[in-house]
Amino acid sequence: MSVDHRNIRYQIVFGMVIIIALIYTFYLMKLQLLNPYYSDKAKSITLNQNIIQPSRGLFYDRNGKLLVINYPAYDINVNYNRLDKNMDTTELCRLLNIPKEKFSEMITKDWSSGKFSKSIPFVFIKNMEASEFLKFQENLFRFPGFSGSLKAIREYPIAHGANFLGFTSEVNKFDIDQNEGIYKLGDYKGAAGIEKKYEQYIRGEKGIQFILRDNLGREVGPYLKGSLNKDAKSGLDVQVAIDIELQKYGDSLLQNKVGSIVAIEPSTGEILAMNTSPTFDPNLLSINQNRGKTYANLLSDTLKPFFDRSSQAVYPPGSIFKPILALIALQEGVINENTPHACAGAYYYKSFSYGCHTHPAPYKLSVALQHSCNSYFFQTFRDVIDQAGSSKPSIGLDKMVKYMTEFGLGRPLYTDVDGEKAGFIPTSDFYTRLYKTNQWRSTYIISVGIGQGELQLTTIQMANLAAIIANKGYYYIPHLVRGFNAPNVFIPEEFRVKNIVPVDQKYFTPVIDGMELAVSAGTATMAYHPELEICGKTGTSQNSRGKDHSVFFAFAPKNNPKIAIAVYVENAGWGGSVAAPIASLLIEKYLKGEVKRKELESRMKKLDLISNKTT
């Protein structure tokens with residue numbers, strides 16, 4: 001019988017491996033289990049995992065001025081399972097400057113809620129000053145289970161733009177559960193404004209340190225010489241499109257008024273200013289001990305400073321809608337630039353009359369815009385709606401609604417402005433439901449032709465309409481963020497796409513001419529500046545609950561426009577008296593760098609519409 005030598009060699013080698021393994025196992029047992037030196041060493045050293053919070057990205061305005069920075073604050077964290085039952089709580093409370101009787105309340109949590117765990121550190125004290133924290137840190141070894149952590153708190157060197165900048169707040173359980181390990185208890189995230197919209201860019205990435213500590217809580221050294229540690233990665237810095245000096249100026253003009261301003265660079269869609277009034281100092285909502293009380297006070301303020309009127313309030317636009325109606329009518333061929341319509345101080349239909357103010361005869365479109373003739377645009381509106389016959393107004397209205405949707409109306413513009421509202425465009429279905437019949441006529445809804453009735457827009461939509469006219473037929477979605485401090489990180493694609501409205505470029509010329517005439521010798525002469533070539537349109541939005549609202553939109557200069565703007569001031573009356581001069585001053589500030597019309601500036605700043613506000 002033959003012998004399998006290969007099998008014998010294999011068994012010998014395998015046996016030797018087993019013997020060597022047993023020898024190593026014996027010596028390891030002897031060292032770790034039988035030798036008291038190593039067992040005592042293991043008992044006296046614990047491995048701590050320290051999370052290093054990243055710095056949130058800084059914010060700069062379009063000219064490089066710092067808008068949002070970080071300053072250091074410290075939290076005291078506690079791991080309940082590692083507490084020393086015999087610790088000196090009196091000394092601990094003294095070092096932390098807390099009443100001793102509150103200690104038990106602060107250390108005991110609802111463990112069954114799922115929000116806290118006895119084995120996972122939670123925040124015991126938030127936002128300690130550096131001096132207080134350093135005093136405690138010197139004594140940290142005396143209190144096992146306690147640890148400190150550094151975090152960055154937001155601060156605003158230029159206290160403007162609170163509503164669009166936003167703020168941060170502590171994450172809740174939903175945030176933690178929905179973000180796959182990105183957040184833990186005690187973390188902060190963007191809760192509003194740019195802080196919220198661009199959270200993924202701004203927050204950065206956490207770092208981690210593995211530290212060995214002895215049984216007194218003192219650091220022994222890094223685990224494995226720090227080979228497993230990971231540095232925190234700061235969030236991206238943000239360049240905001242806002243010109244903060246223009247923003248500050250807009251705030252000063254809206255002081256003691258209720259309203260909003262939006263200014264846009266037409267060629268890019270970048271938002272240059274976005275004012276809402278009343279507003280508040282963003283530093284009030286920085287993470288501090290009084291934040292809760294401050295938030296509650298702002299929330300209960302009857303003037304609603306949290307309510308961003310530039311993007312969340314919806315209003316009838318008034319007569320600034322007339323240029324848009326004119327463009328649709330020109331495209332549909334129901335008028336041309338030389339079409340006349342009669343005006344005898346009112347528009348008459350059967351036994352009804354709809355008022356107009358005294359002005360020269362509107363013998364062509366540009367003159368009708370110059371003097372904001374209601375009669376002209378009532379008739380133009382009816383001609384658009386009744387294209388298929390007076391008994392079929394739904395056809396004309398739905399065609400008009402389609403145009404308006406392309407102009408960014410009746411829907412959100414999908415900007416990066418937090419909480420942007422859609423506004424409202426009434427459709428034929430809406431009126432069929434309203435009148436409970438489909439036999440309604442264009443005369444039923446005639447007020448829409450002058451921007452009244454059920455039509456509602458946001459101020460940012462109005463500013464975007466001004467940008468569309470300035471560009472003669474296109475726009476970029478308005479956006480607050482211009483870029484990041486990383487070469488391969490860009491603003492979202494949708495903000496870099498040109499949106500073209502379905503109106504031929506040639507039809508914008510008579511509309512722009514009419515808007516130029518409105519400022520130089522029409523309803524908006526208080527906006528006139530001899531060097532700026534401002535093209536604008538006034539609006540007076542009727543208000544059934546008090547004094548009418550003052551509205552104005554414009555762009556400048558006429559050729560190669562650099563700024564498009566909309567101003568809406570509640571309860572300020574005629575559009576040419578308040579909104580128009582405010583817009584003109586802002587245009588002068590942006591294009592000239594300074595304002596020389598000091599008397600007009602002083603008058604607008606001193607105007608107080610809140611003290612005597614009627615709601």
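Here, each number is a calculation from the coordinates, and none is a lab measurement. Worth saying up front: this structure is predicted, and the values here are computed from it rather than measured. In this analysis, Cβ positions are derived from the backbone assuming ideal geometry, glycine residues included, and neighbour counts consider all displayed protein chains.
Would you mind ranking GLU601, GLU91, GLU170 by Cβ crowding within 10 Å, fewest neighbours first?
Going from least to most buried by this count: GLU91, GLU170, GLU601.
Over the Cα atoms of the chain, what is the Rg over Rh ratio if Rh follows Kirkwood?
1.18
Restricting the calculation to Cα positions, tell me the Rg (one decimal) and the Dmax (whole number) of region 291-343 in Å.
21.3, 62
Using modelled amide H (1.01 Å from N, peptide plane; none on Pro or chain starts), what sits under 5 Å from the amide H of ARG482, excluding residues fewer than 5 places away?
Correct list: GLN239, VAL240, ALA241.
Seen from all sides and averaged, what is the projected area of the convex hull of the Cα atoms in region 239-287, in nm²? Working shown, then result.
Working: hull surface 16.8 nm².
Reported value for the Cα convex hull: 4.2 nm².
If packing is taken as the average count of other Cβ atoms within 10 Å, what order do 418-431, 535-548 fall into, highest mean first?
Result, highest mean first: 535-548, 418-431.
Report, by chain and number, residues whose modeled amide H sits under 5 Å from the one on ILE287, excluding near sequence neighbours (fewer than 5 apart, same chain).
The list, which skips near neighbours in sequence, is ARG154.
So what J values fall out for region 336-347 if you push phi through Karplus, 6.51 cos²θ - 1.76 cosθ + 1.60 with θ = phi - 60°, rounded to Hz, Gly and Pro as x?
Computed from phi, the couplings for region 336-347 are 10, 5, 9, 5, x, 9, 6, 9, 10, x, 6, 9 Hz.
I'd like the orientation of helix 508-521 relative to the chain: the angle between its Cα long axis and the longest Cα principal axis, in ° from 0 to 90, rounded to 10.
Tilt relative to the chain: about 80 degrees.
What relative contact order, as a whole-number percentage, does the chain give when Cα pairs under 8 Å and 6 or more residues apart are counted?
14 percent
Taking Cα pairs under 8 Å and at least six residues apart, what relative contact order does region 526-610 come out at, in percent?
Details: 158 pairs, mean separation 22.4, N = 85.
Rounded, it is 26 percent for region 526-610.
For region 238-243, just list the computed ³J(HN,Hα) in residue order, Karplus coefficients 6.51, -1.76 and 1.60, θ = phi - 60°, integers in Hz, with x standing in for Gly and Pro.
In residue order, the calculated couplings are 10, 9, 7, 6, 4, 8 Hz.
Might you report the magnitude of the Cβ-based charge dipole of the chain about its Cα centre, with Lys and Arg at +1 and Asp and Glu at -1, to the nearest 20 debye?
820 debye
Using only alpha carbon pairs under 8 Å that are at least six residues apart, calculate the relative contact order of region 303-452 and give it in whole percent. Let's see the in-between values first.
Numbers: 197 pairs, mean separation 41.7, N = 150.
Relative contact order, region 303-452: 28 percent.
I want the local charge near LEU284. Using Cβ-Cβ distances under 13 Å, sum +1 for each Lys or Arg and -1 for each Asp or Glu among the other residues.
Local charge sum for LEU284: 0.
Expressed as a whole number of Å, what is the distance separating the alpha-carbon centroids of region 576-595 and region 301-361?
Between the Cα centre of region 301-361 and that of region 576-595, the gap is 23 Å.
Sort out for me the Cα centre separation of region 271-294 from region 156-203, rounded to whole Å.
15 Å
Which three extents, in angstrom, do the Cα atoms of region 193-322 have along their principal axes, listed largest first?
For region 193-322, the Cα extents along the three principal axes come out at 75, 40, 24 Å.
For ILE563, what residues show an amide H to amide H distance below 5 Å, using hydrogens built from the backbone and excluding near sequence neighbours?
The list, which skips near neighbours in sequence, is ALA556.
Rounded to the nearest 500, what is the chain's calculated 222 nm mean residue ellipticity when only DSSP H runs of at least 4 contribute -39500 (n - 2.57) each, over all residues?
-9000 deg cm²/dmol
What's the local net charge at LEU83, with K and R +1, D and E -1, over the other residues with C-beta under 14 Å away?
Charge balance in the 14 Å sphere: +3.
So what's the angle, to the nearest 10 degrees on a 0 to 90 scale, between helix 579-592 and the longest Cα principal axis of the chain?
60 degrees
By per-residue mean of other Cβ atoms within 10 Å, what is the highest-first order of 291-297, 374-380?
374-380, 291-297
Taking the Cα centre of region 49-240 as the origin and placing charges on Cβ (Lys, Arg +1; Asp, Glu -1), which of ILE69, ASN127, ALA232 is farthest toward the positive end of the dipole?
The residue sitting most towards the positive pole is ALA232.
Within the set of other residues whose C-beta is less than 12 Å from the C-beta of ILE271, count the net charge using Lys and Arg as +1 and Asp and Glu as -1.
Working: positive: ARG62, ARG482; negative: ASP61, ASP243, GLU265, GLU270, ASP416, GLU420.
The answer is -4.
Relative to the longest principal Cα axis of the chain, at what angle does helix 322-332 sit, 0 to 90 degrees, rounded to 10?
80 degrees
With θ taken as phi - 60° and the coefficients 6.51, -1.76 and 1.60, list the Karplus ³J(HN,Hα) couplings across region 105-118 in order, rounded to whole Hz; mark glycine and proline as x.
Going residue by residue, I get 5, 6, 8, 9, 10, 7, 5, 7, 6, x, 7, 10, 9, 5 Hz, with x marking Gly and Pro.
Can you tell me the order of 319-325, 555-561 when each peptide is scored by its average per-residue count of other Cβ atoms within 10 angstrom, highest first?
Averaged packing, sorted descending, gives the order 319-325, 555-561.
Based on other C-beta atoms within 10 Å, arrange TYR528, TYR347 from fewest to most.
Least to most surrounded, the residues fall as TYR528, TYR347.
Please order CYS373, CYS93 by the number of other Cβ within 10 Å, starting at the fewest.
In order of increasing Cβ crowding within 10 Å: CYS93, CYS373.
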